[in-house]
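Have a look at the structure below before the remarks.
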Amino acid sequence: MSTEAAMPKAAPWVEAVGRVCYRFRRQFQLVLLLVCLMVARPVPARTQETILLACSILLVLVGGSLRSWAMGYHTWRRMKGDASRRRLVTAGPYAHTRNPLYLGSLLIGCGIAAMSGWLIILLAFAVLFIVTHYCIIRWEEGRLDEEFLDAYRRYATEVPRLFPGLRSARKRAGTFDFPTMIRCMEPVKTIGFIAALLLMDFLASRGWTLGA
């Protein structure tokens, strides 16, 4: 029997938007990458371009590493039987943010958007990501509240929703598993994003994009 008060439910329209955005979140990332590849432009000085490339790669590396770290705790993925049952993970990055995967995606997306050379693309991406993923997270919180009851409600009071703060989970559950991280392909995806950044730099430097 649940003893903790249920979490406030999101408005129906927020949950509806969250369901749709969750379904198409990967397509959103793909569209961002394609747009940035098409309109990437060089910055005025080569030194500035090198700094931009280095900062973009750093954002992708940090975001990709965060996603890889978080995925290593998803030991139930691609399993069968009782082992495939979802668990509430509160260890590792989940001890500091309830949504490390989305935070990692935000950092990766900002790295790609910044490499386009257009501030408007970076700002538009950041705003659109935060708005859509707020709806996704609120929709998922309702499901997690129903699935894990008191355990999730206590966890939600201890750990920030997205951006890490001073709070952290007191009771941590979950074990990192390296093979699980590899099976989820996050390191490979990170390498792919870095390759995309290098391609954007190459295309822009030679004027082979619409933004050059």
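Which count do you get for residues in segment 153-212 that are within 20 Å of the chain's Cα centre (by Cα), surrounded by 15 or more Cβ atoms within 10 Å (Cβ to Cβ), of a type in the set (Gly, Ala, Ser) and more than 21 Å from Gly72 (Cβ to Cβ)?
The number of residues fulfilling the criteria is 2.
Can you go through Leu33, Leu61, Leu37 and tell me which one is assigned to a helix (DSSP H, G or I), under 13 Å from the mean Cα position of the chain (by Cα) and closer than 20 Å to Met115 by Cα?
The conditions single out Leu61.
Can you tell me which residues in segment 42-62 are modelled with pLDDT under 90 and surrounded by fewer than 17 Cβ atoms within 10 Å (Cβ to Cβ)?
Result: Val43, Pro44, Ala45, Arg46, Thr47, Gln48.
Residue-by-condition table, conditions (1) more than 21 Å from Arg172 (Cβ to Cβ); (2) in contact with a Gly (Cβ under 9 Å, 6 or more places away or on another chain); (3) acidic (Asp, Glu):
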position	(1), (2), (3)
Leu123	yes, no, no
Leu128	yes, no, no
His133	yes, yes, no
Leu144	no, no, no
Pro160	no, no, no
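Hey, Thr90 hits all of (1) assigned to a loop (DSSP other than H, G, I, E, B); (2) in contact with a Gly (Cβ under 9 Å, 6 or more places away or on another chain); (3) under 17 Å from Ala10 (Cβ atoms) but one; which does it fall short on?
(3)
In the set Val131, Val127, which member is out of contact with any Phe, Trp or Tyr (no Cβ under 8 Å at 6 or more places or on another chain) and more than 30 Å from Trp208 (Cα to Cα)?
Val131
Search segment 11-29 for residues that are under 12 Å from Gly142 (Cβ atoms) and pair each with any residue that is at pLDDT below 90 and crowded, with 16+ Cβ neighbours inside 10 Å when their beta-carbon atoms are under 9 Å apart and the residues are at least 6 apart or on different chains.
Gly18/Ala10
Identify the single condition in (1) in a loop (DSSP other than H, G, I, E, B); (2) modelled with pLDDT under 95; (3) not charged (D, E, K, R) that Thr97 does not satisfy, given that it satisfies every other one.
For Thr97, the exception is condition (2).
The values are calculated or read from the model by the stated rules, or taken from the named source; none is laboratory data. Not measured: the values here are computed from a predicted model. When we count neighbours, we look across all protein chains shown, and the Cβ atoms used for this are built from the backbone with ideal geometry, even at glycine.
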